[in-house]
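Everything on this sheet refers to the single structure shown next.
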Amino acid sequence: MRRHITPFHTTTALTLMISAGLFSGAAAQEMADDGAEVLVLDEITVLSAEDQLKQSLGVSVITAKDLERQPTGRDLSEMVRKMPGVNLTGNTDSGQYGQSRQIDLRGMGPENTLILIDGKPVLSRNSQRMGKRGERDTRGDSSWVAPELIESIEVIRGPAAARYGSGAAGGVVNIITKRPDVASYSLSTYLEVPESSKEGGTRRATAMASGPINDAVSYRFNVSGSWTDPDSIDINQAAAEAADGTPGADVRAGREGVRSYNIGALVSAAIDEANRLDFEASWSRQMNSFVGGVLSGSIGNPSDIVADLMNSEATTSRLDRMTLSATHIGTYDFGESNSYIQWERTRNRRPSEGLVRGDEGIFTSLDDYRTSQLDNLTAKTEWVLPLNFLVDQKLTLGAEYRGEFLRAPISGDAMSSGEYNNIETHTLGIFLENNMLITDKLTVTPGLRADYHSEYGLNASPSLNASYNLTDEITLKAGIARAFKSPNLYQLSPDWLWNSMGNGCPAWLPSNCVLRGNPNLDPEISVNKEIGIAYQNDLGWAASVTYFHNDYKNKIISGEVFSGYTASGQKIFDWENSGPATVSGFEGSVTVPVLENLTWTTNFTKILKSEREIMRRDLNGNNSIGKTQLSLVPDYTINTSVRWEAIEGLGLTVGATHYGKTEAAIVNARGIEIAPENRISRDAYTLVNVSADYEVNDNVSFAAGINNLFDKKVHATGGAVLNESANGSGVNASNANTYNEPGRTYWLSLTAKF
């Protein structure tokens with residue numbers, strides 16, 4: 001469609017174009033029926049602020065076709081980790097719970113990566129308590145949806161993620177499920193068989209039915225089950241002994257087994273041409289099979305209870321997640337709307353476990369289970385309004401509510417006594433963004449979000465993103481935003497106590513302390529900046545490179561300021577906001593159409609700086625301000641793959657990922673500097689995968705492949721080297737080698753559609 005403008009309007013339009021550059025698009029002159037000359041402008045399409053931000057350089061998309069060609073085994077994080085700017089790691093540099101790594105965007109840690117399903121937050125991992133080093137024993141929230149149910153996965157990094165509120169300072173992973181618009185019935189199976197008998201394999205089955213019931217109502221029903229075997233108890237024994245230099249070294253076990261089940265139903269009703277309502281319900285269960293894992297850095301041998309669990313491969317952690325949601329989509333003459341309300345309940349059932357530094361996270365009873373219950377109520381409404389005031393633009397207005405309600409054991413003593421405590425927080429946010437087409441080359445998107453939290457009050461998050469077309473093929477993009485993360489419920493609760501007899505206390509305190517929740521915490525703040533350039537032509541060539549720099553302050557850590565005594569005489573320390581931190585680096589990608597049916601793609605991530613300010617203490621008791629890294633991530637990562645469409649329906653893919661060196665932590669749990677010779681880094685390594693996929697016909701397709709083709713095994717070598725420091729202050733060593741990369745594995749998937 002094109003717009004016809006009369007001679008008067010032509011003069012006005014030309015004046016505006018010259019004075020302010022208010023119109024864009026190609027212009028041509030035609031003759032009207034009366035012979036008058038008329039200027040014809042191509043229709044201008046202005047994206048919403050959200051759609052514009054999703055075209056930022058820090059955004060990657062994984063499609064359903066990608067997941068069909070190379071399905072994931074244990075977790076969606078296996079696919080997400082191959083995107084630029086992404087690693088799997090813990091929330092600190094401790095290496096704790098290394099076998100349960102989570103998605104980490106741009107080195108900001110998993111706690112600053114927000115997981116969404118169809119735009120709705122997933123917060124189940126917050127039901128798990130947080131240890132003194134700021135880590136949780138959790139795999140995160142990236143495995144609640146079967147891969148076969150997914151339409152796409154959006155990975156949004158940097159300033160563009162600030163619009164999503166608390167927990168998105170690093171970025172957002174939005175899992176978008178398939179719509180029930182077309183009648184479809186499918187059954188998918190997946191089998192993964194490791195070559196080594198010490199490594200656990202995976203089986204998965206997913207069934208889905210969807211389609212219209214009548215002209216107005218459609219439905220989707222899905223059910224899936226996944227069974228992953230645990231690694232052998234002694235899988236890392238040889239590697240741990242070699243690293244320690246003595247037989248019987250402290251062993252950190254391999255990957256736990258996981259059994260998971262998912263059931264979901266969606267009913268979508270088109271009320272009329274302008275309004276649609278979706279009602280959705282889901283239930284999921286995840287159960288771990290224990291294989292002897294202990295907290296990285298713990299000292300001493302496993303207890304008899306742990307040994308019994310190891311021998312029985314008993315179910316320990318069991319998470320049940322339930323959701324109910326209602327969504328309204330509106331499309332009107334004046335704009336569009338998207339509103340929802342969602343209730344999410346997570347019940348986290350675990351055996352009683354130690355909360356003293358020496359046995360933190362080690363299960364202490366086979367008969368005494370405790371259940372934490374987390375309820376999250378979220379609601380959001382967002383309106384996109386096209387405007388034509390001075391420039392073409394689309395204004396986005398919205399409001400969001402998040403309520404978190406936790407019932408959990410309150411302290412180490414309460415874990416055995418059965419006492420529980422309730423804590424809740426409420427956050428109300430409002431936001432606006434305006435995507436403005438300033439000229440045919442320049443698009444600017446300012447934004448502002450304001451959140452009021454029931455504990456710390458008001459927080460403002462301004463943002464500014466811009467895109468400039470240098471040529472038809474080269475685009476320069478930049479952005480800056482102030483992102484934030486609210487303290488979690490455990491950090492805020494003064495009834496939650498973490499105990500230590502000494503190894504977890506500040507270096508200046510000999511022994512007997514507790515770490516207490518602090519209701520006066522401020523949110524963590526990050527000012528995220530990025531600038532980059534992108535190239536793309538009509539022949540399929542594409543390339544981009546982005547520099548990102550995040551200035552971080554108010555990071556929440558275990559404090560070192562004495563706050564008083566407990567009733568039993570223990571010294572109290574609180575969670576507190578710490579000094580500044582910085583994360584910076586480069587990420588980029590290249591796509592080369594080698595031949596019409598052969599494409600080569602590569603992306604990379606280079607971390608230039610990852611550090612936070614700390615008080616460092618040497619073995620002589622001298623203090624100084626120093627730096628330590630925020631988390632354990634490789635110095636750089638390169639993902640590359642070649643895709644060959646051999647014949648119609650048949651595709652072959654060869655891919656490789658190279659991980660650079662990962663440096664170990666600089667200080668131990670007490671803030672004491674670790675001697676360089678006692679820091680065990682993880683060397684660089686490369687993994688190569690091959691796969692083939694074939695569409696037999698419209699109803700049947702399968703894929704098969706080999707992961708880690710050259711059988712490059714990397715084993716965890718234990719939590720810490722057991723060298724006692726000269727002043728008896730505990731373990732004085734660190735280890736970045738706290739997780740396994742499994743060896744050669746064969747996999748096969750089959751999908752039938754009816």
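Which three numbers, in whole Å and largest first, are the semi-axes of the equivalent ellipsoid of segment 105-160 derived from its Cα gyration tensor as √(5λ)?
Equivalent-ellipsoid dimensions as semi-axes: 22, 16, 9 Å.
Mean separation of Cα pairs under 8 Å and 6+ residues apart, divided by the residue count of segment 127-181: what relative contact order is that in percent?
Relative contact order, segment 127-181: 30 percent.
By average Cβ neighbour count within 10 Å, what is the ranking of 123-130, 174-181 from highest down?
Result, highest mean first: 123-130, 174-181.
So how much slack lies between A399 and V594, counting 0.36 nm per residue of separation and subtracting their Cα-Cα distance, in nm?
Numbers: separation 195, 0.36 × 195 = 70.20 nm, distance 4.72 nm.
Gain in length upon complete extension: 65.5 nm.
From the Cα trace of segment 524-664, what convex hull volume per residue do you get, rounded to a whole Å³?
Expressed per residue, the convex hull around the Cα atoms of segment 524-664 is 182 Å³.
To one decimal place, what Kirkwood hydrodynamic radius in Å is obtained for segment 158-256 from all pairs of distinct Cα atoms?
Details: mean 1/r = 0.0543 Å⁻¹.
Result for segment 158-256 stands at 18.4 Å.
Kindly state, to the nearest 0.05, the FRET efficiency for L390 paired with L464, given R0 = 22 Å and r defined as their beta-carbon distance.
Once the sixth-power term is evaluated, E becomes 0.75.
Based on the alpha-carbon gyration tensor of segment 460-511, what equivalent-ellipsoid semi-axes (square roots of 5 times the eigenvalues) come out, in whole Å, largest first?
So the equivalent ellipsoid measures 49, 16, 8 Å along its semi-axes.
Limiting things to C-alpha atoms, what are the Rg and the maximum Cα-Cα separation (Dmax) for segment 49-158, in angstroms?
Gyration radius and largest Cα-Cα distance of segment 49-158: 14.1, 42 Å.
For segment 525-569, what does the alpha-carbon gyration tensor say about shape, rounded, prolate or oblate, given a ≥ b ≥ c as the root eigenvalues, a/c under 1.5 as rounded, and a/b over b/c as prolate?
Values: a/c = 9.19, a/b = 4.80, b/c = 1.92.
Prolate, since a/c reaches 1.5 and a/b exceeds b/c.
Please arrange D683, D367 by how many other C-beta atoms lie within 10 Å of their C-beta, fewest to most.
Listed from fewest to most nearby Cβ atoms, that is D367, D683.
Given 10 Å bins starting at zero, what is the percent of C-alpha pairs of segment 65-122 in each, up to the one with the largest pair distance?
Reading upward from the zero bin: 22, 49, 26, 3.
FRET efficiency for K627 and N214, Cβ-Cβ distance as r, R0 = 56 Å, nearest 0.05?
Values: r = 64 Å, r/R0 = 1.14.
Rounded to the nearest 0.05, the efficiency is 0.30.
How large is log10 I(q)/I(0) at q = 0.18 Å⁻¹ when the Debye formula is applied to the Cα atoms of segment 437-577, each weighted equally and without solvent?
-1.00
Once the cut-off is 18 Å, how many percent of the Cα-Cα pairs in segment 625-684 end up in the long-distance tail?
For segment 625-684, the share of Cα pairs beyond 18 Å comes to 56 percent.
Once Lys and Arg get +1 and Asp and Glu get -1 on their Cβ, which of Y452, I430, Y420 lies farthest toward the positive end of the dipole of segment 377-470?
I430
Can you tell me, using C-alpha contacts under 8 Å and at least 6 residues apart, the relative contact order of segment 454-499 as a whole percent?
Averaging sequence separation for qualifying contacts and normalising by length gives 30 percent for segment 454-499.
³J(HN,Hα) across segment 65-77 via Karplus (A = 6.51, B = -1.76, C = 1.60, θ = phi - 60°), whole Hz, x for Gly/Pro?
Calculated HN-Hα couplings, in order: 5, 4, 6, 6, 6, 9, x, 7, x, 7, 7, 4, 4 Hz.
Under 19 Å from a point 7 Å along the Cα-to-Cβ line of A281: which residues of segment 326-351 have their amide N that close?
Once the point is set 7 Å along Cα→Cβ of A281, 326-328, 341-347 turn out to lie under 19 Å by backbone N, inside segment 326-351.
What value does segment 583-699 have for Rg/Rh, both radii from Cα atoms and Rh as Kirkwood defines it? Write out the running numbers ahead of the final one.
Numbers: Rg = 21.8 Å, Rh = 17.7 Å.
Here Rg/Rh amounts to 1.23.
Provide the packing ranking of 86-94, 209-217, 627-635, i.e. peptides ordered by the mean count of other C-beta atoms within 10 Å per residue, highest first.
Answer by packing, highest mean first, reads 86-94, 627-635, 209-217.
How would you rank 456-464, 401-409, highest first, on the average number of other Cβ atoms within 10 Å across their residues?
Most protected by this proxy first, the peptides run 401-409, 456-464.
Coordinate-derived values only; no laboratory data. Just so it is clear, the model here is predicted, and its values are computed rather than measured. No Cβ is skipped: glycine too gets one built from the backbone with ideal geometry, and neighbour counts run over all protein chains shown.
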